[in-house]
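K.L.:
Take this structure, written in structure tokens, and hold onto it; I'll ask about it next.
The values are calculated or read from the model by the stated rules, or taken from the named source; none is laboratory data. Just so it is clear, the model here is predicted, and its values are computed rather than measured. Note: ideal-geometry Cβ built from the backbone for every residue, glycine included; neighbour counts use all protein chains shown. What goes into the accessible areas is simple: the full protein's heavy atoms, side chains included, and nothing from ligands, DNA or RNA. Shrake-Rupley method; radii C 1.70, N 1.55, O 1.52, S 1.80 Å.
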Amino acid sequence: MTKIFSHTRPIDADIVDAFSTLQKGFTDQFVYYRKDRPVRFMGLGRCIALPTLDDAECELEGPEAHQPVFFSFNRFDAGNPAPADELFEAFPRLRFMLPEIVLIEGERGPLLQVNSLGPVYPGRIERFVRQAAAAPPRRRESIPYQLEPDSREAWREAVAAALGAIGEGRVEKVVLSRRQRLVAARPFSSKDVLVNLIDGSARGTVLLYRYADVFFCGCTPELLVRKRGCEVESMCLAGTCPAGGSEEERARLADALMADAKNRAEHDYVARFIREVFHRTCYDVDVPDRPGILSLTHVQHLHTPARARMLDGMDLWSMMGDLHPTPAVAGTPVGEARMLLRRIEAYNRGFFAGACGYVDGAGDGEFSVALRTGVFDGEVGWVYAGCGIVDGSVADDEYDEIDLKLRTILSAFDGETRGGA
């Protein structure tokens, strides 16, 4: 049994400003920051790594009885025998990570949590509170960069291989991705890209995991699973069109997306998969038959929410494992599509399209699918995005769609008011 002491108290500070100040003293950093509502956790310092939360005993201290917040960043295909690139290989293979400090923004306002294997030393808490309260307003900075283009011809060959497998009946859909190498004109920090993603117009959930000098980050629109008590939520997100340059064009493109048979079929694979998982693991399942539109800055997606109540014996980690990967990031059937990706894609995805999120000491939390993301060492890195290939897909059209999606992670280098998802 691992006993954890967790002291939480209110602070009079903006948690992003506080993080920007405190992060200078910690190489390990963790962020799960929803931009649509205050479900925001920003961790600093490595304290405890656990393979399971079953053997953790939490002693809650301080004026706020808040459960300790464990972060969890998981690879898309942890069993892939192909080595990931050197940046992803730098990350350890850990399941639940409890930082020394967690800045929290939720229903009770901004909080500071300090975690330890022994009773938390009061002087350390007071020091962090003072530093957070004195944090100056953060500043955005643009980071000049160049992208090394990937091969359009290699992409065409990959799509042809996917369509060949579809034609043979091995799969109905496979989700291919592209990556491009980014080279910055000057060194940059994890804080620089984090602030630009949070304060820029990218929509979704901002993710960050820094280990030593390497960090993975992005802003994803896709929730995988959220649990609070016995209530769980997920979403089906598949099918894409541009956002358009005006509200009239946005509406016209959205209507065309809803009416497009190819995109509707791609979306239905995901909806059917999530519906089946929910019916197997939950009750009171509600997954509408008809999707709506999730409108982002540069693209729009077909979107179907999913809600249910979890059966006894299920937990958030089990639900995450049952749902990930969905057909939205692998294909369908999922197992065959994942094996096909090992052969077609020229790289191991690492955390890209993996399940990343948090779980608290009571077992509540959420995971998102790590889309629109990149991995960096402060000078160079890789940026990633993908799209679904089904019968009728045109390679060049899908290539251009991925270019639109890449604008989200590239907005992390834009310190101006423009940028987006």
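To keep it simple, each residue is scored yes or no on (1) under 26 Å from Arg95 (Cβ atoms); (2) small (Gly, Ala, Ser).
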position: Ala158; (1), (2): no, yes
position: Glu172; (1), (2): no, no
position: Val175; (1), (2): yes, no
position: Gln180; (1), (2): no, no
position: Val195; (1), (2): no, no
position: Glu248; (1), (2): no, no
position: Arg252; (1), (2): no, no
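K.L.:
Between a first residue in the range 144-156 that is within 16 Å of Ile409 (Cα to Cα) and open to solvent by less than 80 Å² (accessible area, probe 1.4 Å) and a second residue that is of a type in the set (Gly, Ala, Ser) and assigned to a loop (DSSP other than H, G, I, E, B), which pairs have beta carbons less than 9 Å apart while being 6 or more apart in sequence or on different chains?
P.N.:
Pairs that qualify, where the first residue is within 16 Å of Ile409 (Cα to Cα) and open to solvent by less than 80 Å² (accessible area, probe 1.4 Å) and the partner is of a type in the set (Gly, Ala, Ser) and assigned to a loop (DSSP other than H, G, I, E, B), are Pro144/Ala185.
K.L.:
Sort out which residues of the range 375-403 are aliphatic (A, V, I, L, M) and surrounded by 20 or more Cβ atoms within 10 Å (Cβ to Cβ), and write them in order of number.
P.N.:
Listed by number, the residues that qualify are Val375, Val383, Ala385, Ile389, Val390, Ile402.
K.L.:
I'd like to check something: does the range 237-251 contain any residue that is among the aliphatic types (A, V, I, L, M), out of contact with any Leu (no Cβ under 8 Å at 6 or more places or on another chain), crowded, with 17+ Cβ neighbours inside 10 Å and over 20 Å from Leu371 (Cβ atoms)?
P.N.:
No - not one qualifying residue is present in the range 237-251.
K.L.:
Taking strands (runs of 3 or more DSSP E) that do not extend beyond the range 262-343, which have at least 1 residues that are touching a residue at least 60 places away in the same chain (Cβ under 8 Å)?
P.N.:
Result: 292-295, 299-310.
K.L.:
For Leu207, state whether it is out of contact with any Asp or Glu (no Cβ under 9 Å at 6 or more places or on another chain) and within 21 Å of Ala355 (Cβ to Cβ).
P.N.:
Yes.
K.L.:
Can we say Arg170 is assigned to a loop (DSSP other than H, G, I, E, B) and in contact (Cβ under 8 Å) with a residue 24 or more places away in the chain?
P.N.:
Spelling it out, Arg170 is indeed assigned to a loop (DSSP other than H, G, I, E, B) and in contact (Cβ under 8 Å) with a residue 24 or more places away in the chain.
K.L.:
Do you know which residues across the range 161-200 are among the polar types (S, T, N, Q) and over 21 Å from Tyr347 (Cα atoms)?
P.N.:
Within the range 161-200, Ser189, Ser190, Asn196 meet the criteria.
K.L.:
How do the strands (runs of 3 or more DSSP E) wholly within the range 1-101 filter down when requiring 2 or more residues that are among the β-branched types (Val, Ile, Thr) and either at pLDDT 95 or above or open to solvent by 10 Å² or more (accessible area, probe 1.4 Å) (or both): which remain?
P.N.:
The qualifying strands (runs of 3 or more DSSP E) are 2-10.
K.L.:
Which condition number in (1) assigned to a loop (DSSP other than H, G, I, E, B); (2) open to solvent by less than 40 Å² (accessible area, probe 1.4 Å); (3) not small (Gly, Ala, Ser) is the one that Leu112 fails?
P.N.:
Leu112 satisfies all of (1) assigned to a loop (DSSP other than H, G, I, E, B); (2) open to solvent by less than 40 Å² (accessible area, probe 1.4 Å); (3) not small (Gly, Ala, Ser) except (1).
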